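Each remark here refers to the structure printed beneath this line.
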Amino acid sequence: MGDGAPVELDSLGAAELAAVAEEVASVLRHDLRNKLAAIRNASFYIRRRLAKTETWSADPRLEELSGVIQREANAANELLDERLGLGHLFARAVARTDARECVRQAIASARIQQGPALRVDLEAGTGEVDADSTELALAIRCLLENACRCCGTSKATGWHTAEVNGTGKDWRSWQRCLKRRPPIDKTESMS
Amino acid sequence: MSSGSFRRPSSPSGSLPPGGISSGSFRTADLVAERYRVLVVDDEPAVLLSLQSVLSEDVDLMTCESAERALELLEEHPFHVVVSDFLLPGMNGYDLFRLIRGLPEYTSCLLITGSDAYEQPRDKERHYVLLKPFDPERLITLVVQLGRVAQMKRAVRRLGTSVAGKVG
């Protein structure tokens with residue numbers, strides 16, 4: 001990335017980049033809002049204390065500059081929301097989604113170069129959830145890649161089970177490491 | 001930054017007209033004589049100092065930097081209002097408020113946050129939220145109003161207990 005060469009994105013790559021960018025921007029917005037809050041509060045306090053003194057009435061610039069701090073802090077906050085809001089890069093579209101398709105998409109694009117073979121078992125039941133299919137596939141891909149990375153570095157002999165669960169508006173995904181091999185009575189598997 | 005005693009300003013403001021007196025353990029005079037006690041929780045020292053400066057003229061304040069310390073202070077001191085940041089090291093502000101709702105005395109809760117991650121909980125017990133960077137005047141107004149709400153709710157509860165005791 002650092003050599004300026006164009007980055008080739010896979011099918012979920014754009015969504016992943018957008019999610020990372022939004023996460024970074026979100027942390028930045030949070031930190032800057034905290035600082036702006038401290039500036040506004042400090043300015044308010046100084047203004048309130050100074051307004052009771054002769055210095056305040058003797059120098060009109062004090063009131064003017066106090067107003068500048070308040071206005072500029074407000075303007076900076078608006079800029080944060082307008083310019084640093086990257087939500088438009090990935091517009092979530094929640095719909096009834098077949099989670100199995102998301103799993104297949106995740107497997108097809110998972111970036112696993114070395115380490116253990118990836119095998120995914122899909123249960124035969126319906127896997128429909130209310131979710132954005134791209135977002136769900138991306139989350140599953142992250143789980144799979146993390147599991148493989150973990151196995152590869154720790155040389156663990158266990159199995160990692162990634163599960164996606166949900167029927168209503170919420171869906172959850174998680175992974176856990178099993179000490180023992182799970183039963184092989186699934187109806188579908190991919191290696 | 002963590003303080004162990006209430007900070008009182010030299011010139012209290014916002015005095016209210018004297019109230020009447022009723023019988024039993026409930027006295028309406030209690031409603032007007034008390035200054036609201038407020039606990040402010042934020043892990044950013046600069047924000048905490050600035051919040052303390054903004055509020056200190058209007059209420060009695062204590063501050064701390066974590067939800068865990070806030071719970072200890074709540075055991076030692078009765079507060080009318082807890083003002084907390086959402087993102088804190090360890091327990092977050094929302095979880096802190098859930099525990100506060102379990103306290104025997106009603107305590108008003110005000111969440112302040114600059115986080116995009118915060119979403120108003122779906123349960124019935126919602127709390128007030130101010131988004132950073134907020135107007136300091138608005139913060140003062142809200143905290144005083146929430147102090148009044150806590151005071152009224154406690155008084156009504158005491159009145160109910162008192163009446164129930166006499167009837168029973």
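Listed values, structure above:
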| quantity | calculated |
| --- | --- |
| Ranking of B:91, B:62 by count of other Cβ atoms within 10 Å, fewest first | B:91, B:62 |
| Sorted by Cβ neighbour density within 10 Å, fewest at the top, the residues A:111, B:98 | A:111, B:98 |
| Hydrodynamic radius of segment A:13-89 per Kirkwood, over alpha carbon pairs, in Å | 14.5 Å |
| Number of partner chain Cβ atoms within 10 Å, mean per residue of B:130-139 | 6 |
| Gain on full stretching of the segment that runs from residue B:69 to residue B:164 - 0.36 nm per residue minus C-alpha separation | 30.6 nm |
| Inter-chain Cβ neighbour average for residues B:105-116, partner chain, 10 Å | 3 |
| Convex hull per residue volume in Å³, alpha carbons only, for segment B:35-167 | 108 Å³ |
| Average beta carbon contacts from partner chains per residue of A:41-51, 10 Å cutoff | 5 |
| Neighbour-count order for A:98, A:10, fewest beta carbons within 10 angstrom listed first | A:10, A:98 |
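Bear in mind these aren't lab numbers, they're just calculated from the coordinates by the rules spelled out. Quick caveat, the model's predicted, so the values are computed rather than measured. All Cβ positions, even for glycine, are placed from backbone atoms using ideal geometry, and neighbour counts span all protein chains on display.
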